Amino acid sequence: MTAIVANGGQPSVNGLVKPKVDTFSYRFLTLSNGLRALVISDPEADKGAASCDVNCGSLSDPDDFLGLAHFLEHMLFYSSAKYPVEDEYSKFITDHGGHTNAYTSAENTNYQFDINWEHLEPALDRFAQFFIAPLISADGVDREINAVDSENGKNLQLDMWRQLQLSKHTSNKAHPWSKFSTGNLETLGHAPRAKGLDIREAVVAFHQRHYSANIMKVVVMGRQSLDELEAMVRSKFEAVSNTGLSKPEFSSDVFLPEHRSQVLKVVPVKEGHSIDFMVELTEEGKQHVPEIGAIIFRYLAMLEQEGIQKSIYDEVEALQRLRFDYRDKMSPFAYTTALSSAMQTYPDEDLLLALYHVPQEYDPESIKAALKEMSVDKVRVMWASKTLADEAQDTEPWYGTKFSLAPIPEEWVRIWKQASQPHTDCAAAESQEEGPRLHLPKPNPFVPTDLSLKTEEASTFVASGIVGPQLIEDQPGVLNLWHRCDLTFPTPKAVALIDFQTPEAYASPEAAVCTRLYVKLVADALNELAYPADLAGLVYGVTNSQAGFQVALSGYNHKLPVLLEAVLKQLSGLEVKADRFSLMVEQLKKEYSNIKYSQPYSWVMYRRELLLNFKRWQVAEYAEVIDTITPQYLEAFLSTRLFSRCFVEIMCVGNVAQGEARAMASLVTGMLKDVGAKHVLPSQMRDMRTIRVPAGDTTLLEEPGPNPENKNSAISIMYQVGPDELRTNALLQLLVHMSKRDAFNTLRTQQQLGYIVALFNNHELGIHHIEFVIQSTSHCVSSLCTRVEAFVHQLCTELLPPRCGLAPAAKAPTGKGAVNAPAPEAAAPTDANGGAGALEPYSDREFRKAVEELVKSKLEKPKRLGELATRWWNEIKFCTLEFARQEREAEVLRTLSPTDLIEFANTMLLLPETRRKAVVAAHAADGAAAESTGSDAVQQACAPGDGHSVQMVEDISEYKRSCDVWPNVGAYHSSKRKQRELAEKKAKPQ
């Protein structure tokens, strides 16, 4: 085996083994109430974060309240005795640059947040109240049941959730794992009330019984010192009650002997076939399930017979140790979440090693014992295919999944047991028609041995003061090479991104499908390399785009050129084999067909992209032409069209010298020379454009949801802002920062429109917009549109002005959009200390605070090389080249006035004559959210009583042909740069 140079880790407090590059300080604590905590000090942290893991999950749900653990997770976000104002916790976190989340699993419930680091202590105080004295209001309970029901509703057509619940349904009924755990309106509302049970009392009792300090693990991370962090944790969490609760223990008899050796046949929502050995089947593969099982059991038999060799273990251990020592930084949010969960399982000293799966001991007996458990007698097979509909006569009650359950056919068992027998002669095994020859992994060719850092070259970039990569090769129509030797993250890693721009790649739907097939066939041919490369810390991807395709490589720089050579070899010499071609076509057909089974909110966002992107073929068009493409057609496309002309943009950053970057670029240009590619002409260069949504009238695309079985309606409401520009971006981001929490609280928490409610800023090819996205099982499209319109009016007239130091402009309109729940109250005038009801006029203090918090978030440093590389690559891809974007936008933010923001909000969101509003809506086919397409109610909801009409989109392509387009954002920025350069030249003394 190849030797690997790796550090053995560094010991820390309590024997905790740390990665070589880890600069954090750690301290474990045990509070007086038995709560175990870990504090982590990072002197460079931009964010503080915390997570609390409670060793109680859905397995503890009482039979009368299925989903109660999950429901309690929702309820704790509302309020507490110390902070009784509803939504106080989430609002405080959001206002100070952070975000929150939580999840419930079978045995754990995990809560987490992050925030700008200096606000960690007050945020932690609010967070700790979840576990000390939460207020569980009856009104909140009634509302949040709807949110949980909506969350469950969004999962009903997802195969992952359906098959998980089916596996539970067919398990040991006496085990709590067999129960439904998400919860819905029936299990948390109707059924308990019919029995005279009180849901609020149940929630309170569950919290008191199961949320005990001694089964909680807390992790807090921040810029503060360990002593300061320890003081925070002790002061905030020692009030958590310790009831002496024992750690929940559950038996392992989820599947009894009678539940094993069974085949579970399932009718999925999506097209395709799979068998739960984690194998995706082709149309041919579904005819050979016994043979596929035989290959798996043959391999297990080989492992049992030959054993896991010590040399293989040593390589795996060394590679994992290498990954551990040179790990990429996780965000504080993700790191604290992972650690609090891991603390429930692993001892302190092994905590970080366990997190990165570093093996600690070669134990062949344990390996053998595990292999013996993977026997034919103990296997359960889940076979999913729409072709099984005639056999699947049973129905799972919670998701309505059609299935059948039967013993595995005797012939399958015979074949699999024969395959499980040890063979001393591999050739004899082949002669028995048992399939392909199997073998243990060979030595990994991608293991790095040079882990040195190029500190001298990296220091020259730092000394120069230049931000971002430099253009070191500029061959018009042929090549742009960007490079930066950067050790912001002092690890022996690099990122190489290669964008192949070919005019023919997206010239027609047929060309786009051919390019996609080409990319899939290349990835398929590289499959054998992908696994060892990934084990050795190298990752690659080949993806198609609207202008060609892109190759992305990252990992240890030593073997990055080796991986690049392998990828380029396939790109230039791909052999289109008939069997692999058929397989890729089959996969693409399923991909095109299955888009209609995506979540309705994803569907409306996809349709919004189609509406805005001037040159974007539709999936329906791909599906229409794919059958016309043969292997011969694809070969002709690849040999005569795809590479007839090609321009390549390359960026190499990280621990990579300029000479190495040039060498990799030479590999690429050499490959293009081999395939006969010519340079791209100026008129053929990539020109991505976005539709300019007409001002005044509202553009409306409404249609039935693509899946008639899905009972969710969904909307995307978009207010187009304009091209990427620093001041506009700053105003847009500030507006969303000051509005998104109100949108969530009003539309989701109070009005309960649905589980998925979001307000965010987005862009299409560099043209920015504000977007609302909502999915609902309880409200139809017209109701959703009306309520968003009412919220926008209230935001601009009542909510934003007081926060900007201005009096409210007017009351929001009453009517359908304002029913059931009020929006947040407008801020009252405050005194100098922020006291409500004082005589001082409205203050802009909240506006100034919002600016500073957004600046802090914007200036947050990237956590890993890949994040930094993506940031720079986006500037190159869109030709904006604002490599210091964060700093420049932060400067602009600090120049904005409250009046600037109000005027921007009114222009973009409120005033009908100036706003560019487009609505994409998908109607639910059935249920409470159903509504007919083309109804007057939807049109009235999109432009209610403002004297402006609605422009209906009957055909997306026709609509786009009737619209103006925005300038190409790259050309827009290039023009601005030239104007600045000219102005600077004129300003210089002659």
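Restricting the search to the stretch 750-765, which residues are open to solvent by less than 10 Å² (accessible area, probe 1.4 Å) and more than 21 Å from the chain's Cα centre (by Cα)? Result: Leu753, single match. Scanning the stretch 528-565 for residues that are more than 24 Å from the chain's Cα centre (by Cα) and either without any contact (Cβ under 8 Å) to a residue 60 or more places away in the chain or farther than 17 Å from Asp450 by Cα (or both) yields a total of 7. Of all residues in the stretch 65-91, those that are over 11 Å from Thr182 (Cα atoms), assigned to a loop (DSSP other than H, G, I, E, B) and not hydroxyl-bearing (Ser, Thr, Tyr) total 8.
Residues in the stretch 723-744 that are in a helix (DSSP H, G or I) and either among the charged types (D, E, K, R) or farther than 20 Å from Leu854 by Cα (or both): Arg727, Lys740, Arg741, Asp742. Note on the stretch 106-153: residues that are under 30 Å from Ser178 (Cα atoms) and open to solvent by 40 Å² or more (accessible area, probe 1.4 Å) total 5. Please indicate, with yes or no, whether at least one residue in the stretch 71-82 is closer than 27 Å to Asp139 by Cα, modelled with pLDDT of 95 or more and among the acidic types (Asp, Glu). Yes, the stretch 71-82 contains at least one residue that is closer than 27 Å to Asp139 by Cα, modelled with pLDDT of 95 or more and among the acidic types (Asp, Glu). Counting only helices (runs of 4 or more DSSP H) that fall entirely inside the stretch 910-990 and contain at least 1 residues that are farther than 25 Å from Leu610 by Cα and either out of contact with any His (no Cβ under 7 Å at 6 or more places or on another chain) or open to solvent by 80 Å² or more (accessible area, probe 1.4 Å) (or both), the qualifying elements are 969-987.
Based on what the data block shows, is Glu609 open to solvent by 40 Å² or more (accessible area, probe 1.4 Å), under 30 Å from His779 (Cα atoms), in contact (Cβ under 8 Å) with a residue 12 or more places away in the chain and of a type in the set (Asp, Glu)? It is true that Glu609 is open to solvent by 40 Å² or more (accessible area, probe 1.4 Å), under 30 Å from His779 (Cα atoms), in contact (Cβ under 8 Å) with a residue 12 or more places away in the chain and of a type in the set (Asp, Glu). Meeting the requirement of 2 or more residues that are crowded, with 19+ Cβ neighbours inside 10 Å, touching a strand residue (DSSP E or B) at 6+ places or on another chain (Cβ under 9 Å) and of a type outside the set (D, E, K, R), the strands (runs of 3 or more DSSP E) wholly within the stretch 465-522 are 479-485, 493-501. Might you let me know whether the stretch 314-333 holds any residue that is without any contact (Cβ under 8 Å) to a residue 24 or more places away in the chain and either surrounded by fewer than 18 Cβ atoms within 10 Å (Cβ to Cβ) or under 24 Å from the mean Cα position of the chain (by Cα) (or both)? No, there is no match, as no residue in the stretch 314-333 is without any contact (Cβ under 8 Å) to a residue 24 or more places away in the chain and either surrounded by fewer than 18 Cβ atoms within 10 Å (Cβ to Cβ) or under 24 Å from the mean Cα position of the chain (by Cα) (or both). Residue count for the stretch 244-276 under the criterion of being within 33 Å of the chain's Cα centre (by Cα) and under 30 Å from Leu35 (Cα atoms): the result is 5. Within the stretch 881-888, identify whether any single residue is modelled with pLDDT of 95 or more, surrounded by 20 or more Cβ atoms within 10 Å (Cβ to Cβ) and assigned to a helix (DSSP H, G or I), and answer yes or no. Looking for residues that are modelled with pLDDT of 95 or more, surrounded by 20 or more Cβ atoms within 10 Å (Cβ to Cβ) and assigned to a helix (DSSP H, G or I), one finds at least one in the stretch 881-888, hence yes.
Restricting to the stretch 969-990, give me the number of residues that are in contact (Cβ under 8 Å) with a residue 12 or more places away in the chain and among the aliphatic types (A, V, I, L, M). Counting residues in the stretch 969-990 that are in contact (Cβ under 8 Å) with a residue 12 or more places away in the chain and among the aliphatic types (A, V, I, L, M) gives 2.
Does the stretch 578-597 contain at least one residue that is assigned to a loop (DSSP other than H, G, I, E, B) and in contact with a helix residue (DSSP H, G or I) (Cβ under 9 Å, 6 or more places away or on another chain)? No, because not a single residue in the stretch 578-597 is assigned to a loop (DSSP other than H, G, I, E, B) and in contact with a helix residue (DSSP H, G or I) (Cβ under 9 Å, 6 or more places away or on another chain).
Among the residues of the stretch 612-627, those identified as over 28 Å from Leu672 (Cα atoms), open to solvent by 30 Å² or more (accessible area, probe 1.4 Å) and either touching a residue at least 40 places away in the same chain (Cβ under 8 Å) or in contact with a Pro (Cβ under 7 Å, 6 or more places away or on another chain) (or both) are Phe614, Gln618, Glu621, Glu624. Looking only at residues of the stretch 337-393 that are farther than 27 Å from Trp161 by Cα and β-branched (Val, Ile, Thr), we find that the one that is most open to solvent (accessible area, probe 1.4 Å) is Ile367. The C-beta contact set for the stretch 460-474 (first residue small (Gly, Ala, Ser), second residue in a helix (DSSP H, G or I), distance under 6 angstrom, 6+ apart or interchain) comprises Gly468/Trp872.
All conditions in (1) modelled with pLDDT under 90; (2) in contact with a helix residue (DSSP H, G or I) (Cβ under 8 Å, 6 or more places away or on another chain); (3) outside any loop (DSSP other than H, G, I, E, B) hold for Lys265, with the sole exception of (1). When Ser644 is tested against (1) open to solvent by less than 50 Å² (accessible area, probe 1.4 Å); (2) in contact with a helix residue (DSSP H, G or I) (Cβ under 9 Å, 6 or more places away or on another chain); (3) among the small types (Gly, Ala, Ser), exactly one condition is not met: (2). Screening Asp53 on (1) within 26 Å of Asp253 (Cβ to Cβ); (2) out of contact with any Lys or Arg (no Cβ under 7 Å at 6 or more places or on another chain); (3) open to solvent by less than 30 Å² (accessible area, probe 1.4 Å) shows it passes everything except condition (2). Look through the stretch 657-709, keep the residues that are in a helix (DSSP H, G or I) and β-branched (Val, Ile, Thr), and return whichever of them is most open to solvent (accessible area, probe 1.4 Å). Of everything passing the filter in the stretch 657-709, Thr669 is most open to solvent (accessible area, probe 1.4 Å).
Considering only residues in the stretch 154-186 that are small (Gly, Ala, Ser) and under 25 Å from the mean Cα position of the chain (by Cα), the one that is surrounded by the fewest Cβ atoms within 10 Å (Cβ to Cβ) turns out to be Ser181. For Ser843, which of the numbered conditions (1) small (Gly, Ala, Ser); (2) open to solvent by less than 20 Å² (accessible area, probe 1.4 Å); (3) in a loop (DSSP other than H, G, I, E, B) fails to hold? Unmet condition: (2).
To keep it simple, each residue is scored yes or no on (1) under 18 Å from Ile498 (Cα atoms); (2) surrounded by fewer than 20 Cβ atoms within 10 Å (Cβ to Cβ).
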{"residue": "Leu538", "(1), (2)": "yes, no"}
{"residue": "Gly541", "(1), (2)": "yes, yes"}
{"residue": "Lys569", "(1), (2)": "yes, yes"}
{"residue": "Asp579", "(1), (2)": "no, yes"}
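For the stretch 195-253, a residue qualifies if it is touching a Gly at 6+ places or on another chain (Cβ under 6 Å), surrounded by 17 or more Cβ atoms within 10 Å (Cβ to Cβ) and not in a helix (DSSP H, G or I), and exactly one does: Gly222.
Residues in the stretch 586-619 that are at pLDDT 95 or above, within 24 Å of Ala924 (Cβ to Cβ) and hydrophobic (A, V, I, L, M, F, W, C): Trp603, Val604, Met605, Leu610, Leu611, Val619. Any idea which of (1) crowded, with 20+ Cβ neighbours inside 10 Å; (2) among the small types (Gly, Ala, Ser); (3) farther than 28 Å from Leu120 by Cβ is the one Ala191 doesn't satisfy? (1) is the only condition that Ala191 fails.
The values are calculated or read from the model by the stated rules, or taken from the named source; none is laboratory data. Quantities reported herein were computed from a predicted structural model and do not represent experimental measurements. Neighbour counts run over all protein chains shown; Cβ positions are idealised from the backbone, glycine included. Calculation scope for accessible area: heavy atoms of the full protein, side chains included, ligands and nucleic acids excluded. Shrake-Rupley method; radii C 1.70, N 1.55, O 1.52, S 1.80 Å.
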